[in-house]
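Comments concern the structure below.
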Amino acid sequence: MILKKQLIEEIEQIPDNKLAEIYDLIHYFRIGLTQEKPKKIPIFGCAKGMFKMSDDFDEPLDDFKDYMP
């Protein structure tokens with residue numbers, strides 16, 4: 001409760017012409033806490049060119065030689 005009192009004291013010192021901005025800030029902050037965030041839909045091909053597969057990617061690994069026929 002002490003923090004709420006401190007906030008109220010600070011708000012009371014703000015000029016009237018700035019109160020709308022403070023209200024908007026608090027209001028949108030509070031709404032952001034309760035709303036679900038929209039899920040991002042991945043876009044096909046958005047990672048193109050970000051990595052390169054090695055030429056021997058499909059070759060058997062040396063670590064598994066003991067298990068190969």
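Bear in mind that the values in this text are calculations on the coordinates, not laboratory data. Predicted, not measured: the structure shown is a model, and the values here were computed from it. Quick reminder, even Gly has a Cβ in these numbers, built from the backbone with ideal geometry, and neighbours come from all protein chains shown.
Numbers at a glance
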{"read-out": "Residue within the range 48-66 that is of a type outside the set (A, V, I, L, M, F, W, C), free of Cβ contacts under 8 Å to residues at least 40 places away in the same chain, assigned to a helix (DSSP H, G or I) and surrounded by 10 or more Cβ atoms within 10 Å (Cβ to Cβ) present", "value": "no"}
{"read-out": "Selected residue (only one of I41, I14 is surrounded by 10 or more Cβ atoms within 10 Å (Cβ to Cβ), part of a loop (DSSP other than H, G, I, E, B), without any contact (Cβ under 8 Å) to a residue 24 or more places away in the chain and of a type in the set (V, I, T))", "value": "I14"}
